[in-house]
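K.L.:
Supplied in C-alpha cells, the structure appears directly below.
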Amino acid sequence: ELNALVQPEPNEPRNGDFVLTGSASALTGKITVSRGHLTLGAASNPGGAMDVSRSAGLGGETILGGTLRLGTNTPDAGTSTLLNVDPVTPGALHANGNLVFTSGTTTTVQLDGLPPGPTVRILGYGGTLTGTAANLDLVGGMAAYRPGTAFDTTGSPGEILLNITRGTVVWSAGTGNW
C-alpha cells in the first residue's frame with residue numbers, strides 16, 4: 001500500500017509522490033494507492049491489480065497486469081481520483097484486466113501538456129469497463145472547455161478517449177485597456 005502520509009496527524013494533507021521506474025512485473029499482488037500520487041514509469045509494468053482511492057492520484061504510460069479500480073474508498077474525505085495524462089504521446093496507461101470506475105465517484109483527468117490533435121487516449125483496458133463517461137471530468141470542469149469536448153467510453157472498444165472540440169480563435173481588436 002502506498003499511503004503518502006506527510007504528517008502523523010489524521011487530517012494533514014497527503015501529497016507525497018512515488019515514482020516507480022524499474023520493472024515491477026514480478027509484483028503480482030494488488031497495489032493500493034490510498035494517499036498521495038503514484039507515477040508509473042514506462043518500463044514499470046506492474047504485474048497485478050491496482051486500486052487508487054479518492055484521495056490519491058495516478059499517472060504514467062505502462063501496462064498494468066490486472067484490473068485497475070479508480071475511486072475506491074479512502075481513509076479520509078477525498079472526493080476525486082486524479083489521473084495525469086500526457087496528451088502529446090500516443091501511449092496511455094493500459095490495464096490488461098478490467099477498468100472499474102467506482103460507482104458514484106469521479107476521476108479527474110489532468111492533461112500534462114497541450115494535445116497535438118483532437119483526440120487523446122486516456123486509458124486502455126483488456127477486460128470489461130465498469131462505469132461511464134459520467135465518472136470522468138477534466139481539471140477545471142467540463143464547462144471550462146469548448147462545447148462538444150467529451151469523454152468517449154464506447155466508440156473504441158478497450159479505450160477511453162477524450163474528444164476535444166477545437167475552434168478558430170478570432171482576434172477582434174477593439175478599444176479597451178490591455
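K.L.:
Give the residues of the stretch 101-137 whose amide nitrogen is closer than 15 Å to a point set 7 Å from the Cα of A150 in the direction of its Cβ.
P.N.:
132-137
K.L.:
Further question on the same structure: Mind checking which of T72, L58, G131 is farthest towards the positive end of the stretch 45-160's charge dipole, using Cβ charges of +1 (Lys, Arg) and -1 (Asp, Glu) about the Cα centre?
P.N.:
G131
K.L.:
Something else about it: Cα gyration tensor of the chain, axes a ≥ b ≥ c as square roots of the eigenvalues: rounded (a/c below 1.5), prolate (a/b > b/c) or oblate?
P.N.:
In terms of gyration-tensor shape, prolate.
K.L.:
State the percentage of accessible surface on the stretch 65-142 attributable to carbon and sulfur atoms; use a 1.4 Å probe and exclude ligands, DNA and RNA.
P.N.:
55 percent
K.L.:
Oh, and also: Explain nothing, just the number: dipole magnitude of the chain about its Cα centre with +1 on each Lys and Arg Cβ and -1 on each Asp and Glu Cβ, in debye rounded to the nearest 20.
P.N.:
280 debye
K.L.:
Need one number: nm distance between label points at T168 and S23, each 7 Å from Cα along Cα→Cβ, rounded to one decimal.
P.N.:
The modelled label-to-label distance comes out at 5.3 nm.
K.L.:
Right, next: What does the charge add up to near L161, with Lys and Arg as +1, Asp and Glu as -1, over the other residues with Cβ less than 9 Å from its Cβ?
P.N.:
Within the 9 Å Cβ shell, the charges total -1.
K.L.:
For the chain, what does the accessible surface come to per residue with a 1.4 Å probe? Please give it in Å².
P.N.:
Each residue of the chain exposes 52 Å² on average to a 1.4 Å probe.
K.L.:
Can you give me the distance in nm between label points at T32 and Q110, each placed 7 Å from the Cα along the Cα-to-Cβ direction?
P.N.:
Computed distance between label sites T32 and Q110 equals 2.4 nm.
K.L.:
Right, next: Give the longest segment of the chain that steers clear of trypsin sites (Lys or Arg not before Pro) in DSSP loops with at most 14 neighbouring Cβ atoms within 10 Å, not counting the sites themselves.
P.N.:
My reading of the result: 31-165 is the longest stretch.
The values are calculated or read from the model by the stated rules, or taken from the named source; none is laboratory data. Everything quoted here is computed from the prediction, not taken from an experiment. Backbone-built Cβ (ideal geometry, glycine too); neighbour counts: all protein chains shown. For the accessible areas, the whole protein counts, side chains as well, though only heavy atoms, and no ligand, DNA or RNA atoms are used. Shrake-Rupley method; radii C 1.70, N 1.55, O 1.52, S 1.80 Å.
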